[in-house]
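Taken together, the values in this text are just the output of simple stated rules run on the coordinates, not laboratory data. Every value quoted in this text rests on a predicted model; they were computed, and no experiment measured them. For neighbour counting, all protein chains shown are included, and Cβ atoms are generated from backbone atoms with ideal geometry for every residue, glycine included.
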Amino acid sequence: MRISRQKLKELITQKLHKAGLSEEHADGVAEVLVHADIRGIHSHGAMRVEYYAERIAKGGLNINPEFKFDKTGPCTAVFDGDNGVGHVAAKQAMDEAIKMAKENGVAAVGVRRIGHSGALSYFVRQAAKSDMIGISLCQSDPMVVPFGGSEPYYGTNPIAFAAPSHDNRIMTLDMATTVQAWGKILHARSKNESIPDSWAVDKEGHPTTDPFKVNALLPIAGPKGYGLMMMVDVLSGILLGLPFGDKVSSMYHDLTEYRNLGQLHLVINPAFFTNPDLFKQHISNTMDDLNRIKPAPGFNQVLFPGQNNDLIQEEYEKNGIEIVDDIYEYLVSDIVHKNQYDNKDPFAK
Ligand code: NAI
């Protein structure tokens, strides 16, 4: 069904407030989830609300966190999220990073001890909307084999980047470092469909097409994606003194425990490197150049990174956001959660 941005935000806020978050934090999470849904990133939108509600109910998310912002140098800071909602902590930390980069040219802000923060494009686009380049990286639960391995070690450790143009378009890259998300395996299981052999491996480390035999996901581009997820883990975990590698907490293993996740925001102020107007003009030129490239057979147009989501957003702003009926039914119901996520992690040790 279709629903307006405002209505979806209202319903998510109400549900999360009912689950136990303050109105301010419920609203902050809803803002990031609606960003994901309206840009077609449904894996990180309203479908996550029930999981968060269950985690809140079971104590695995601090509903009264004390955020601490510790400026450790002219361009560096550590934001401690006290295991509250990651969306709100990461948003506030990015606001601080933007202020620092405005003044000093660059900022690196570590966000430590947080819950899941959702789609990272939200945070990097905050930077781009302030005429800065934003980069954000975060840890996620171990479910990916290192290249050549048969046991999971790293998470789907996403990387996001955004840069402003001179005409309000934003170049946005936002990607997990795995070929596919775990959600896609679940989807194939629910439909009893096979999966391509490039997505995941079985217990022995053999590529598998059977979604029921999946024991771990595969990194993008073999050793290169594996290297990127290592880099994300070092920068958003080890650098912040947090659990790393396969010690990172699992999303579904124990919903009573805090997750202690890490994220790193990097902000670069183009004005400290070049003429900032020219920078934005050249980003616009790049977008136009890419759109003019002759498409390959089977493609209508070459899109710049993030433009696929811009096109969805344009349509959803006009006609309402498409959400699954079951999710809508849950959001309008009195149910807080149906106790269906705890201990559902197939890779948990
Ligand atoms: P995806 O595969 O849908 O897209 C990856 C990138 O490719 C995006 O920048 C997208 O704009 C671009 N793209 C896709 N189709 C395109 C086209 N036709 N032309 C040009 N560019 C195109 O994204 P993925 O990897 O499935 O990640 C989804 C979300 O999951 C992201 O928002 C990510 O931040 C989030 N995530 C969050 C985690 C967390 O723990 N917080 C963990 C893993 C992922």
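Full extension from His187 to Asp167: what is 0.36 nm times the residue separation minus their Cα-Cα distance, to one decimal in nm?
Length difference between fully extended and current span is 3.4 nm.
Please list, by residue number, every one of the trypsin sites (Lys or Arg not before Pro) in region 106-155 that is coil in DSSP and has at most 13 other beta-carbon atoms within 10 Å.
Sparse-neighbourhood loop trypsin sites (Lys or Arg not before Pro): none present.
Under a straight-distance cross-link criterion of Cα-Cα below 17 Å, which aspartates and glutamates are reachable from Lys191, leaving out those fewer than 8 residues away in the same chain?
Asp210, Asp326
Exposed loop sites here are GluC sites (Glu not before Pro) in DSSP loop states with at most 12 other C-beta atoms within 10 Å. What is the longest stretch of the chain lacking them?
The longest such stretch corresponds to 205-349.
Give me the number: length gained by fully extending Lys318 to Asn300, i.e. 0.36 nm times residue separation minus the C-alpha to C-alpha distance, one decimal in nm.
Answer, rounded to one decimal: 4.2 nm.
I want to check the label-to-label distance for Gln340 and Gln281. Put each point 7 Å from Cα in the C-beta direction and report it in nm to one decimal.
5.5
To the nearest 20 debye, what is the magnitude of the charge dipole of the chain about its Cα centre, counting +1 on the Cβ of each Lys and Arg and -1 on the Cβ of each Asp and Glu?
Dipole about the Cα centre, nearest 20: 280 debye.
For His116, what residues show an amide H to amide H distance below 5 Å, using hydrogens built from the backbone and excluding near sequence neighbours?
Amide H neighbours of His116: Gly86.
Whole-Hz Karplus ³J(HN,Hα) for region 319-331, in order, using 6.51 cos²θ - 1.76 cosθ + 1.60 and θ = phi - 60°, x for Gly and Pro?
Values per residue, Gly and Pro as x: 10, x, 7, 7, 10, 5, 3, 4, 5, 4, 4, 4, 5 Hz.
Just check the chain against the gyration tensor rule for me: Cα atoms, a ≥ b ≥ c as the square roots of the eigenvalues, rounded for a/c under 1.5, and otherwise prolate or oblate depending on whether a/b exceeds b/c.
It is rounded, given that a/c, with a ≥ b ≥ c, falls under 1.5.
What shape does region 253-296 have by the C-alpha gyration tensor, where a ≥ b ≥ c are the square roots of the eigenvalues, rounded means a/c under 1.5, and otherwise prolate means a/b greater than b/c and oblate the rest?
Oblate.
How large is log10 of I(q)/I(0) for region 1-159 at q = 0.12, 0.17, 0.18 Å⁻¹ when the intensity is taken from the Debye formula with one equal scatterer per alpha-carbon?
-0.56, -1.05, -1.14
If I stretch the segment between Asp288 and Phe147 completely, what's the gain in nm (0.36 nm per residue apart, minus their alpha carbon distance), one decimal?
Full extension from Asp288 to Phe147 adds 47.1 nm.
Can you compute the helix-only [θ] at 222 nm over the chain? Use -39500 (n - 2.57) per DSSP H run of at least 4 residues, normalise by all residues, nearest 500 deg cm²/dmol.
Value at 222 nm, helices only: -12000 deg cm²/dmol.
Based on the alpha-carbon set only, what is the convex hull volume of region 168-220 divided per residue, in Å³?
86
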